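Student: To start, I am sharing the structure in question, which I have written as structure tokens.
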Amino acid sequence: MKVFEIENICYSYPDGTKALNDLSFSVYEGEILGIAGANGSGKSTLLMLMMGCLSPLHGKIIYEGEKLSKQKLMIMRRETGILFQDPDDQLFLPTVWEDVAFGPRNLGLTEEEVALRVNSALRDTGIEALANKAPWKLSGGEKTLAALAGLFAMRPKTLLLDEPTSGLDPKSRRELINIIGRTKNTAVIATHDLDMVMDVCQRVVIMKNGTIESDGKVPGVLTDREFMASCGLEIPLSLTSRFS
Amino acid sequence: MRLKDLYRTEIYDESRGPFFSPLVLLAVTFVYTVAVVSFDRYQTFRMLPLAAYPIFIGSFARVSGRDIFRKMLTVLPFVIFIGIWNPFFDTTRTEYLGIMISMGWISFFSLILKFLLIVPATLIMVAATGFDGLCRTAASLGLPDVLVTQFFLLQRYIRLLAEETHNIVRARVFRGGKITVANAGNICGPLLLRCLSRSERIHSALMCRGFGGQLYHKHRRENRISVHDLIFVLTWVLFFSMVRIFDMPVLIGDLIVGCVF
């Protein structure tokens with residue numbers, strides 16, 4: 001079943017910068033899809049459009065078979081969680097616990113259910129010890145995990161992750177990859193971290209200047225050195241010795 | 001104090017035990033402020049016993065005195081600027097503690113004393129309850145949700161403004177740039193644009209987590225007042241009333257003199 005269908009989407013920023021140009025692809029239930037591309041290729045803009053934070057100039061976004069109307073957008077946002085590139089944009093309540101509880105409370109759950117979900121999300125992301133800390137006192141990796149816990153607490157069907165491993169040290173990065181790898185959710189990961197794509201994604205979409213250059217199985221796409229170079233990317237480090 | 005730390009209110013010791021409810025602290029601090037302000041502008045030493053309140057809640061909440069002092073220093077110049085005109089306009093001379101002095105200086109001293117009493121108490125209250133606690137109290141007191149949410153988000157965006165200003169100033173200074181009145185416009189423009197862009201991202205993040213304009217949900221509105229809270233309120237209100245009605249320093253002085261001699 002298709003969760004998201006992106007059909008011929010075009011988007012330009014108000015200053016005229018073209019971000020996406022006639023983009024089409026689908027996200028299938030249960031898959032972890034990687035979206036890779038050089039800086040400015042339109043990955044983050046695409047996630048913003050999928051979450052309804054931006055509106056496409058042309059084309060349409062279909063969620064579970066229905067075009068995103070105001071009503072459908074609310075349903076989609078209840079069922080989809082997005083991790084922003086900068087976790088500081090996402091964390092704003094006085095403690096990590098309160099922040100993680102923000103989403104479930106907006107779902108109208110009882111305080112008991114909220115507490116259950118928050119504690120479970122903190123456990124899943126391994127940050128139970130940070131529950132009473134102020135979000136702005138955390139390190140970059142801890143902030144990302146706290147923001148991720150905020151998504152998990154909403155129990156979304158789909159996760160949209162924007163550069164989840166950027167700025168993380170190797171240990172935090174590995175922990176995050178393990179967490180994402182364990183998830184049973186559908187996930188779309190926009191990233192430069194092609195080794196992570198190798199580890200957790202089944203399919204990858206390569207973007208260049210707002211268009212899709214390739215959409216296919218991970219090993220097939222990521223091992224084509226010339227193609228990757230033409231898109232401003234390199235093959236994953238883990239494959240370098242085998243293919244150099 | 002760094003620019004980006006100006007907004008911070010979490011200056012209490014995190015390991016502190018349970019404290020009084022925000023509602024109780026808000027109420028007592030309000031009565032305290034009214035008591036301090038109600039003193040005549042020429043009355044100085046009579047209000048000194050009121051210093052017991054900020055000292056008590058400060059030590060009880062284990063608020064860092066150094067941080068409170070640093071925050072007070074940022075406001076002090078404004079108070080001095082307002083009060084310093086009193087000696088020029090109120091030149092009537094009187095004898096005070098055995099010295100001939102103008103009434104303007106006494107009222108200036110009184111203003112500074114009021115500042116030294118009210119500001120620490122308010123800062124300690126905010127630090128001990130947290131801004132979130134205050135907003136929750138405001139919501140539980142029936143303040144409209146839209147106002148409470150605005151109040152809370154205002155604090156979030158002030159923090160954002162301070163962070164962005166800090167980043168821009170640091171970026172300039174590290175590359176040898178100087179901040180002058182002439183180039184302030186070059187800073188304010190990008191600052192505004194950066195703040196707008198970040199606040200849009202924050203708003204998007206809120207919307208993506210189902211934010212519907214209400215931060216404090218009705219079923220969370222709990223403000224149970226315990227017997228301890230009630231005793232706390234009554235004790236302090238009684239103390240403030242006594243300080244207001246009687247001249248405590250004179251009474252204590254008389255008592256000591258009576259006992260000793």
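The values are calculated or read from the model by the stated rules, or taken from the named source; none is laboratory data. Please read these numbers as outputs of a predicted model, since none were measured by experiment. A quick note on method: Cβ atoms are made from the backbone with ideal geometry, for glycine too, and the neighbour counts reach across all protein chains shown.
Student: What is the one condition in (1) at the interface with chain B (Cβ under 8 Å from one of its Cβ atoms); (2) touching a residue at least 40 places away in the same chain (Cβ under 8 Å); (3) not in a strand (DSSP E or B) that A:Arg77 does not satisfy?
Tutor: Failed condition: (2).
Student: Sort out which residues of region A:166-192 are hydroxyl-bearing (Ser, Thr, Tyr), out of contact with any His (no Cβ under 9 Å at 6 or more places or on another chain) and closer than 24 Å to A:Gly42 by Cβ, and write them in order of number. Walk me through it before giving the result.
Tutor: Just the residues of region A:166-192 that are hydroxyl-bearing (Ser, Thr, Tyr), to begin with: A:166, A:172, A:183, A:186, A:191.
Subsequent filtering for residues that are out of contact with any His (no Cβ under 9 Å at 6 or more places or on another chain) retains A:172, A:183, A:186, A:191.
A:Thr186, A:Thr191, listed by residue number.
Student: What helices (runs of 4 or more DSSP H) completely inside region A:82-154 contain at least 1 residues that are farther than 28 Å from A:Pro170 by Cα and either modelled with pLDDT of 90 or more or within 12 Å of chain B (Cβ to nearest Cβ) (or both)? Give the derivation first.
Tutor: Details: elements: A:96-106, A:111-124, A:140-152.
Fully inside region A:82-154 and qualifying: A:96-106, A:111-124.
Student: Of the residues B:Cys195, B:Cys135, B:Cys188, only one is surrounded by 12 or more Cβ atoms within 10 Å (Cβ to Cβ) and in the same structural domain as B:Phe20 (by TED's automatic domain parsing); which?
Tutor: Numbers: B:Cys195 fails: in the same structural domain as B:Phe20 (by TED's automatic domain parsing); B:Cys188 fails: in the same structural domain as B:Phe20 (by TED's automatic domain parsing).
The match here is B:Cys135.
Student: Here's something else I'd like to know. How many residues are touching a residue at least 12 places away in the same chain (Cβ under 8 Å) and more than 19 Å from B:Ser204 (Cα to Cα) if we restrict to region B:135-150? Before you say what the answer is, go through the steps one by one.
Tutor: Step one: list which residues in region B:135-150 are touching a residue at least 12 places away in the same chain (Cβ under 8 Å), which gives B:135-141, B:145-146, B:148-149.
Next, only the ones that are more than 19 Å from B:Ser204 (Cα to Cα) stay: B:135-141, B:145, B:148.
The qualifying residues number 9.
Student: crowded, with 16+ Cβ neighbours inside 10 Å, closer than 26 Å to A:Ser26 by Cβ, of a type outside the set (Gly, Ala, Ser) and touching a residue at least 40 places away in the same chain (Cβ under 8 Å): does that describe A:Val200? Write out each step before concluding.
Tutor: Working: crowded, with 16+ Cβ neighbours inside 10 Å: yes; closer than 26 Å to A:Ser26 by Cβ: yes; of a type outside the set (Gly, Ala, Ser): yes; touching a residue at least 40 places away in the same chain (Cβ under 8 Å): yes.
Criteria met by A:Val200.
Student: Report whether or not B:Leu113 is in a helix (DSSP H, G or I), away from chain A (no Cβ under 14 Å) and not β-branched (Val, Ile, Thr).
Tutor: Numbers: in a helix (DSSP H, G or I): yes; away from chain A (no Cβ under 14 Å): yes; not β-branched (Val, Ile, Thr): yes.
So B:Leu113 passes the test.
Student: A further question follows. Kindly list, by first and then second residue, each pair from a residue in region A:5-22 that is at negative phi to a residue that is surrounded by 12 or more Cβ atoms within 10 Å (Cβ to Cβ) and among the acidic types (Asp, Glu), limited to pairs with Cβ atoms under 9 Å and residues at least 6 apart or on different chains.
Tutor: What qualifies is A:Ile9/A:Asp22; A:Cys10/A:Asp22.
Condition check ((1) within 14 Å of another protein chain (Cβ to nearest Cβ); (2) within 15 Å of B:Ile158 (Cα to Cα); (3) under 30 Å from the mean Cα position of the chain (by Cα); (4) assigned to a loop (DSSP other than H, G, I, E, B)) across all residues:
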| site | (1), (2), (3), (4) |
| --- | --- |
| B:Gly185 | no, no, no, no |
| B:Pro190 | no, no, no, no |
| B:Cys195 | yes, yes, yes, no |
| B:Arg198 | yes, yes, yes, no |
| B:Ile202 | yes, yes, yes, no |
| B:Leu206 | yes, no, yes, no |
| B:Gly212 | yes, no, no, yes |
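Results for (1) acidic (Asp, Glu); (2) farther than 28 Å from A:Gly52 by Cα; (3) under 15 Å from the mean Cα position of the chain (by Cα), shown as yes or no for each residue.
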{"site": "A:Asn106", "(1), (2), (3)": "no, no, no"}
{"site": "A:Glu113", "(1), (2), (3)": "yes, no, no"}
{"site": "A:Thr125", "(1), (2), (3)": "no, no, no"}
{"site": "A:Gly141", "(1), (2), (3)": "no, no, no"}
{"site": "A:Lys157", "(1), (2), (3)": "no, no, yes"}
{"site": "A:Leu160", "(1), (2), (3)": "no, no, yes"}
{"site": "A:Leu168", "(1), (2), (3)": "no, no, no"}
{"site": "A:Arg174", "(1), (2), (3)": "no, yes, no"}
{"site": "A:Ile177", "(1), (2), (3)": "no, no, yes"}
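Student: Next question. Could you list, in sequence order, all residues of region A:46-57 that are away from every other protein chain (no Cβ under 12 Å) and either modelled with pLDDT of 95 or more or within 20 Å of A:Pro164 (Cβ to Cβ) (or both)?
Tutor: The initial filter retains those residues of region A:46-57 that are away from every other protein chain (no Cβ under 12 Å), namely A:46, A:55-57.
The answer is A:Leu46, and nothing else.
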